[in-house]
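Notes to accompany the following structure.
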């Protein structure tokens, strides 16, 4: 772990500040800047836990904080570094979870899957295929924390016994399909790999009207991962080229061929290895559930969609033609003729402010539980 001290900045400092506040140590504003207030809070934490009081977060302090790594922060920017911390915490706190690596991002970051449950019926939820929709990673990770805590405590979640869910279902979650793009949006790339940041900025210059980096949805090489699946990919290409997205950029470039981007290929192969009876693909625009692809009508898919709509208040709609091809949900429905849903879990300009998190969580907890029960 990076040593933090006066003058340190970034998402890891935000995480430190958030964790200290969660533990009851008042450190003022969570701003990602390690100033005197944060140093004083660290000193108080070190004194309370009987470790060297130097106001520096080094190995000894991180080791003590590691007891709380399983707590998913819901008030900070959430990059791949914070995800890794939480997954380490999950491995320690929730040993019944099964973590695996399903592939690698363009920059070599692990693409992690977490499995909850041992039932025969398999379902799959994914998030952050679009970089500036990283709040969806927080949603799935917090849900997994709460679900696992309920299992550990032999209690319920949304009225259902967590251990019954564990015994009857196998829920797979890939919380961050696009870690390179997420890190660009939350500021990790500019801080830790400025050469990669410059590379992305150069790509972004192809589309000067799209704000950088906040408008970035693609992987780090400028390929939109949700336009990479072999489900009428050629139609998606025609549509996006007609809109002017003809080269790598922050969004909507389909790539030179389906499954060209290794992140998309990883999700594709992961799906082929399993027998998912239902999938949810999380995005953040519109408080809408998209349930169809072309004229495919998987059994019960509309009825399940209606129930997900009822518990969330989200509209159930068909995907607009201009964005209705080559997505992961599209390919899943086409390939398996089983229910697949794109959940647009928010309103506003991406990236949505983390202040929306609790509202998003409250609207989606029913979707996340029912999707297992109805699969």
- Task: Name the residue, out of 304, 365, 333, that is part of a helix (DSSP H, G or I) and over 22 Å from the mean Cα position of the chain (by Cα).
- Result: 304
- Can you work out which of the residues in the range 308-330 that are outside any helix (DSSP H, G or I) and out of contact with any helix residue (DSSP H, G or I) (no Cβ under 8 Å at 6 or more places or on another chain) is modelled with the highest pLDDT? 317
- Task: Could you list all residues from the range 263-296 that are in contact with a helix residue (DSSP H, G or I) (Cβ under 9 Å, 6 or more places away or on another chain) and either assigned to a helix (DSSP H, G or I) or without any contact (Cβ under 8 Å) to a residue 12 or more places away in the chain (or both)?
- Result: 263, 264, 267, 268, 271, 272
- Query: Which of (1) buried (at least 21 other Cβ atoms within 10 Å of the Cβ); (2) within 25 Å of residue 2 (Cα to Cα) does residue 129 not meet, given it meets every other one?
  - Reply: (2)
- Task: Tell me which of these residue 251 doesn't satisfy, since it passes every other one: (1) over 22 Å from residue 134 (Cα atoms); (2) out of contact with any helix residue (DSSP H, G or I) (no Cβ under 8 Å at 6 or more places or on another chain); (3) assigned to a loop (DSSP other than H, G, I, E, B).
- Result: (1)
- Residues of the range 160-179 being more than 23 Å from residue 85 (Cβ to Cβ) and touching a residue at least 24 places away in the same chain (Cβ under 8 Å), in sequence order, are 160, 165, 166, 167, 168, 169, 170
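The values are calculated or read from the model by the stated rules, or taken from the named source; none is laboratory data. All values derive from a computational prediction rather than experimental measurement. Quick reminder, even Gly has a Cβ in these numbers, built from the backbone with ideal geometry, and neighbours come from all protein chains shown.
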